[in-house]
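Input: a single structure, listed below in structure tokens.
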Amino acid sequence: MERKTITDDEFELYSRQIVLNIIGFEGQEKLKNSRVAIVGLGGLGSPIAVTLTAMGVGYIRIIDRDIVEKSNLHRQHLYTFKDIGYPKVEVASRRLREMNPYIEIDPYPVYINDSTALEAIKEVDVVLDGLDNFKARRAINKACYKLSIPYVYASAIETYGMVSTLIPGEGPCLECIFPNTSDQNLPTCSTVGVHPSILQVISSIEVYEAVNLLTKRKPRLFGKLLIYDLEELSSNLLEVKKSVNCPICGGGKIIEEEKIEYPEIEEVCSREGKITYIINPGQVIPVEIKSLSQKLYSEGYEVSRTSDFSLTFKVDGNGTFSLLKTGIGIVEGLSSKEYALKIYELILRKILNH
Ligand SMILES: [Zn+2]
């Protein structure tokens, strides 16, 4: 690929970080010629996206499966009230492009699991963690190991968070540090809450590590796990090592994952008092938003919102069904999982018959 140089306009834009001796002109050119993927555009992913965009990383793939909710806005400052109900990747790509016209933003609305992770992160130099669950992190960890892509892992909740920089083949992978972790017993931000400040701290450290990797400096958190708590103003720096028995990067046996039947439906903690389900088609199902919207309208459905990436229609008065252009369904306010799946399958038939 042809190496791009920094123009005079860009030089002015980035002058205060070019003058930093740990970045410099050479580092800035490296950033311009770099490619990153941010997985998840929530509390960690949105500040990461803003900072890497402003700093001039040349290509940024933003990956997320969700739509903007009112309860996101106190910590996810990429979004405002008028964005509620729209896919995060769509709103974020518009805003990030306004922030920096010199770089490429690539919106990628998929549900991360073992069958989508490899494709989602291919051809990038670094993957940054903006996820909120371990299931998706484990899929990303495996994919990063297979493709030999450094993975800046992070998580945050309440007033504390942790970060580590994982380099495949050189140090531990996520499975070495947190073997066999499931989300079942872990707290979530909808049950115990999260302070926006800790997200700013942890996401900033992730950015610092990614920039170190991209400018070919030694990452500070290689072989280390940083745990930081704002309430105690305490930090712990633990050494983490590769495990010889790791099923991903060591000699351990891979535990057979349970077979998932698609479409898979997941109950997401109640939002604004309603139960929300996210439906994962298992693969990308391309949806022609405009023609599906016309079809639904002609059959008497009330289509309340359409955009380039999604459409939303009403079900049974107070339920809403949003469909992303990759086939992900987000259902709010329906009485049961079974009913949500029934509607999803009905819509799927309309798409496939088209
Ligand atoms: Zn490992």
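The values are calculated or read from the model by the stated rules, or taken from the named source; none is laboratory data. Remember, it's a predicted structure, so these values are computed and weren't measured experimentally. Glycine also receives a Cβ, built like all others from the backbone with ideal geometry; neighbour counts cover every protein chain displayed.
Selection over segment 14-26 of residues that are surrounded by 17 or more Cβ atoms within 10 Å (Cβ to Cβ) and either on the phi > 0 side of the Ramachandran plot or in contact with a Lys or Arg (Cβ under 8 Å, 6 or more places away or on another chain) (or both) gives a count of 0.
Among the residues making up segment 332-349, those that are surrounded by 15 or more Cβ atoms within 10 Å (Cβ to Cβ) and within 18 Å of V284 (Cα to Cα) are L341, Y344, I347, L348. Looking at segment 211-226, can you tell me whether even one residue there is more than 16 Å from the ligand (Cβ to nearest atom), β-branched (V, I, T) and within 15 Å of S155 (Cα to Cα)? Scanning segment 211-226 turns up no residue that is more than 16 Å from the ligand (Cβ to nearest atom), β-branched (V, I, T) and within 15 Å of S155 (Cα to Cα).
For S234, the stated conditions hold: it is more than 16 Å from the ligand (Cβ to nearest atom), surrounded by fewer than 18 Cβ atoms within 10 Å (Cβ to Cβ), within 30 Å of T188 (Cα to Cα) and not aliphatic (A, V, I, L, M).
Do we have Q17 as in contact with a helix residue (DSSP H, G or I) (Cβ under 6 Å, 6 or more places away or on another chain), at pLDDT 95 or above and under 15 Å from L214 (Cβ atoms) here? Judged against the criteria, Q17 is not a match. V240 meets each of the listed conditions (1) in contact (Cβ under 8 Å) with a residue 60 or more places away in the chain; (2) within 16 Å of the ligand (Cβ to nearest atom); (3) more than 25 Å from the chain's Cα centre (by Cα) apart from (3). Looking only at residues in segment 136-152 that are within 12 Å of the ligand (Cβ to nearest atom) and in contact with a strand residue (DSSP E or B) (Cβ under 8 Å, 6 or more places away or on another chain), the one that is nearest to G43 (Cα to Cα) is Y151. Restricting segment 153-193 to residues that are β-branched (V, I, T) and within 16 Å of the ligand (Cβ to nearest atom) leaves a set whose member that is modelled with the lowest pLDDT is T181.
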